[in-house]
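So the structure is just underneath, and the comments pick up after that.
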Amino acid sequence: MMNQKLYQGGCMLYLQKGNFQKVVRWMAGAWMSANQATVLGLCFVVLTAFGFYVGLTYGKYQWLLLLVPVFLVLRMAMNALDGMLAREYDTGSVAGELFNEGLDIVGDTICYGCLFFIPNPPHLSLTLFLILAWMAEYVGVLGKGLPGGVRRHETFLGGKPDRAVWMGGLALLLYFFPSRVEDIAAYLIIVSFFVFLTSIVRVRKILIASEDESYESYTWIGK
């Protein structure tokens, strides 16, 4: 009950993950394993970056921008499936969780970091966006090792699924209105604001969860 209360509030697209999993479960059939879902998710990461880069660099391939939202949805589908299949087949492991958490943020960096290589790239705003994305996920993971012991997924329009929606929307915007490419920097600053708020929300939830809990700090050499 307490954990449920802690998850209330905010704009939490992540709360729809359970419904999303039900929709995509049929994709796995009886043949897909959690590891296969993870690998497929990585493939869609690469395809997203490819669609963004080629679509914004070579005019005759601009149509690839239309596929970016599709690739992002499929990436989210595979991300939902890998954890679900690991639980369903009881194949979860510490190594798997480490790989999954690491791949999440590295995947975002690949998906959106490709914008560094397009003509007239938005260096500063993209750097800010990626740093804040790393921070949001780092804070989320910290929640599991602190009193309360919960991996924080709360978001204020800045979690991983939210970022996928924002960036998929950017791809569509740039396809239908190519002249808006000059506004990518401003767009990323707006998104970065919500990603920053997401970190704040997660920090607040960690602090609430740790109230009245004892805490001792340890390193690998002890206290």
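Each value in this text was obtained by applying a stated rule to the coordinates, not by laboratory testing. Fair warning: this is a prediction, and the values are worked out from it, not measured in the lab. Note that each Cβ is placed from the backbone with ideal geometry, even for glycine, and that neighbours are counted across all protein chains shown.
At a Förster distance of 22 Å, what's the computed FRET efficiency of E182 paired with I110, Cβ-Cβ distance as r, to 0.05? Using R0 = 22 Å, I get an efficiency of 0.35. Note that region 55-64 has calculated 3J(HN,Hα) couplings of x, 9, 9, 10, x, 6, 10, 4, 4, 4 Hz, one per residue in order, obtained from phi through the Karplus relation 6.51 cos²θ - 1.76 cosθ + 1.60 (θ = phi - 60°); glycine and proline are x. Per residue, the chain reaches -22500 deg cm²/dmol at 222 nm when only DSSP H runs of four or more residues are counted, each adding -39500 (n - 2.57).
Taking 7 Å steps out from each Cα toward its Cβ at L124 and E211 produces label points 4.0 nm apart.
Could you tell me which label, among (1) 17.4, 64; (2) 21.8, 82; (3) 18.5, 60, carries the value of Rg and Dmax of the Cα atoms in Å calculated for this structure? Read-out from the structure maps to (3). Here the relative contact order of the chain, from alpha carbon pairs under 8 Å that lie six or more residues apart, stands at 26 percent. Exposure proxy check: Y175, Y89 ranked by fewest other beta carbons within 10 Å? The order, fewest Cβ neighbours first, is Y89, Y175. Full extension of the chain between V46 and R204 yields a length gain of 53.5 nm, computed as 0.36 nm times the residue separation minus the alpha carbon distance.
Mind jotting down the distance between the C-alpha centroids of region 156-223 and region 59-81, whole Å? A separation of 20 Å, based on Cα centres. Dipole magnitude for the chain: about 340 debye, using +1 per Lys or Arg Cβ and -1 per Asp or Glu Cβ, origin at the Cα centre. Ordered by the number of other Cβ atoms lying within 10 Å of each residue's own Cβ, fewest first, T219, T155, T198, T57 fall into the sequence T219, T57, T155, T198. Taking the fewest neighbouring Cβ atoms within 10 Å as the starting point, the ordered list for Y187, Y58 is Y58, Y187.
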